[in-house]
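The values are calculated or read from the model by the stated rules, or taken from the named source; none is laboratory data. For clarity, every value in this text was computed on a predicted model and none was experimentally measured. When we count neighbours, we look across all protein chains shown, and the Cβ atoms used for this are built from the backbone with ideal geometry, even at glycine.
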Amino acid sequence: MSRFALFVVVFLGLGAAFGVSAAGPLESLRSLAHEQGLVAVQGADGGWRRVRRCGVEGAEMPPGLAQEMRRSRLKRDHSPVEIPVVLHLISNSKGEGAVSDAVIAQQMRVLQAAYEPHNFFFTLQSVNRVVDDIWFQGERENVMRAALAVDPSRHLNIYSFDLGEVALGYTFMPWDYPEDDYRHGVTVFYGTFPGGEGLPYNEGDTLVHEVGHYLGLMHTFQRGCKAPGDFIPDTPYEKRASYGCPVGRDTCPHRPGEDPIHNYMNYSEDGCMDHFTPQQARAMHFVVRRFRPSLLD
Ligand SMILES: [Zn+2]
């Protein structure tokens, strides 16, 4: 495991090095964070902290998988995939993280709206409210997942708590473990739920993005301008992640198309992200059949 453990260690190190109490106007804080490959996000105390947009960086597809995916006969007429969701809301004894049912319903609508055009349907099966000061801080997450996970081969387990300076969200890739492994599932900072405190990443798109990884998608900026990029033929190449909403940006001018800054698998602000491409959808359906077949039972 490691890849993930390593990220966490690295990010914690970064967070510690930067400290949380950034001074100066918000704009300069944001650009400084972006230069460092981070985003500035508001925390519960109203202060701003610099964190990774996503903990899934450096993930790779298993050898041969991209080729297998290209050759697959799966076209756009994929059959619907229905995914029951179990949401584990971890809060602390002060009540932080205890998101309301109304917000949860809104988050599910955001998730559904992003995936429905591509024939993925998410149903909230249960909300598991857990008060635990240790887990809320993201400590002993493997112990927590082992204790809480509901049949990961047939459910999407979502965990929310305060990820501190680690990232806004992360997940394991479908091929990292067998489909029934308790470690599968998506973790997001509770402040990214719609209307949450995680400005400007508080419209629910962090969950949309992480579920994209859960279903096998890479970041659109994977490998920069170098082939095969993110392995998806209809997402233009881009040299690096986009922050904010840099309309018209083109960091790989020798490649066709402007940067896919509106794609959910980029790092733009929530208000800037609005779609997956048809080929990303095709890839997700392929990945479900190949790695998460029990979701189809
Ligand atoms: Zn990501």
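Observations on the model:
- Candidate set: segment 208-243, residues that are surrounded by fewer than 18 Cβ atoms within 10 Å (Cβ to Cβ) and closer than 20 Å to residue 269 by Cβ; chosen: the one farthest from the ligand (Cβ to nearest atom): 239
- Conditions (1) surrounded by 21 or more Cβ atoms within 10 Å (Cβ to Cβ); (2) outside the structural domain of residue 174 (by TED's automatic domain parsing); (3) not basic (Lys, Arg): number failed by residue 201: (2)
- Residue within segment 61-82 that is at pLDDT below 95 and at positive phi present: yes
- Number of the exception - residue 128 against (1) under 20 Å from residue 156 (Cα atoms); (2) touching a Lys or Arg at 6+ places or on another chain (Cβ under 7 Å): (2)
- For segment 171-207, the candidate set comprises residues that are of a type in the set (A, V, I, L, M, F, W, C) and assigned to a loop (DSSP other than H, G, I, E, B); within that set, the residue that is farthest from the ligand (Cβ to nearest atom) is 199.
- Count - residues of segment 226-269 that are closer than 23 Å to residue 60 by Cβ, touching a helix residue (DSSP H, G or I) at 6+ places or on another chain (Cβ under 6 Å) and either among the β-branched types (Val, Ile, Thr) or touching a residue at least 60 places away in the same chain (Cβ under 8 Å) (or both): 3
- Filter result for residue 162 (more than 16 Å from the ligand (Cβ to nearest atom), charged (D, E, K, R) and over 21 Å from residue 106 (Cβ atoms)): no
- The residues on offer are 271, 212, and the sole one that is modelled with pLDDT of 95 or more, over 28 Å from residue 64 (Cβ atoms) and assigned to a helix (DSSP H, G or I) is 271.
- Within segment 29-58, if we keep just the residues that are within 15 Å of the ligand (Cβ to nearest atom) and among the small types (Gly, Ala, Ser), the residue that is surrounded by the fewest Cβ atoms within 10 Å (Cβ to Cβ) turns out to be 58.
- Considered as a group, the residues in segment 59-104 that are in contact (Cβ under 8 Å) with a residue 12 or more places away in the chain and within 16 Å of the ligand (Cβ to nearest atom) include one that is farthest from residue 160 (Cα to Cα), and that residue is 61.
- Residues of segment 119-138 satisfying the condition of being among the hydroxyl-bearing types (Ser, Thr, Tyr) and over 20 Å from the mean Cα position of the chain (by Cα): 126
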